[in-house]
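Note sheet for the following structure.
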Amino acid sequence: MAVISHRGEMWARNAKNINGVLGSGEGGKGIYILFDGSTPVYVGRGNIRTRIRKARASQSRGQSWDHFSWYALSVEAHCQELEALLLRMLPPFLRMLNRQRGKLKSAKKHTEQDVVAEPIRRPHSFGRHKALRKK
């Protein structure tokens, strides 16, 4: 079974688009992301259409976004966990309007065992040196 049942990506902020988002009775519960240009500034969850309408009218969030993406989830119970995962993946300066980091309540945390990372081995010239010598 798919995790995401419906989606809309990078929709312009206007009343027609916001009204086009599924309502709660239509399976419109899930996650939404507000963008300033292509930069995510807020990640939220719940009844998507209602939450985006409230964000549009909000004094603190209302003026700092111009596009939004939304993802309706087929299993509403995973909503909080997916929101927390998105919040943890984005650096704080990219989600500047979120006050929280996101809690992964039932996930067991594992700590890093070896603090020294192996160096990444990359070819110096990515294969161009052989082609240059033949000329």
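Taking the criterion of being surrounded by 13 or more Cβ atoms within 10 Å (Cβ to Cβ), part of a loop (DSSP other than H, G, I, E, B), in contact with an Asp or Glu (Cβ under 9 Å, 6 or more places away or on another chain) and modelled with pLDDT under 95, would at least one residue in segment 3-19 satisfy it? Yes; the residues of segment 3-19 include at least one that is surrounded by 13 or more Cβ atoms within 10 Å (Cβ to Cβ), part of a loop (DSSP other than H, G, I, E, B), in contact with an Asp or Glu (Cβ under 9 Å, 6 or more places away or on another chain) and modelled with pLDDT under 95.
Listed by first and then second residue, the pairs linking a residue in segment 57-83 that is under 24 Å from Ser38 (Cβ atoms) and modelled with pLDDT under 85 to a residue that is surrounded by 15 or more Cβ atoms within 10 Å (Cβ to Cβ) and acidic (Asp, Glu), with Cβ atoms under 8 Å apart and 6 or more places separating them unless they lie on different chains, are Ser64/Asp36. Can you name the residue in segment 20-42 that is of a type in the set (Val, Ile, Thr) and at pLDDT below 90 and, of all such residues, is surrounded by the most Cβ atoms within 10 Å (Cβ to Cβ)? It comes out as Val41. For segment 90-113, the criterion of being modelled with pLDDT of 75 or more, among the aliphatic types (A, V, I, L, M) and in a helix (DSSP H, G or I) is met by none of the residues.
The values are calculated or read from the model by the stated rules, or taken from the named source; none is laboratory data. All of these numbers come straight from a predicted model, not from anything done at the bench. For neighbour counting, all protein chains shown are included, and Cβ atoms are generated from backbone atoms with ideal geometry for every residue, glycine included.
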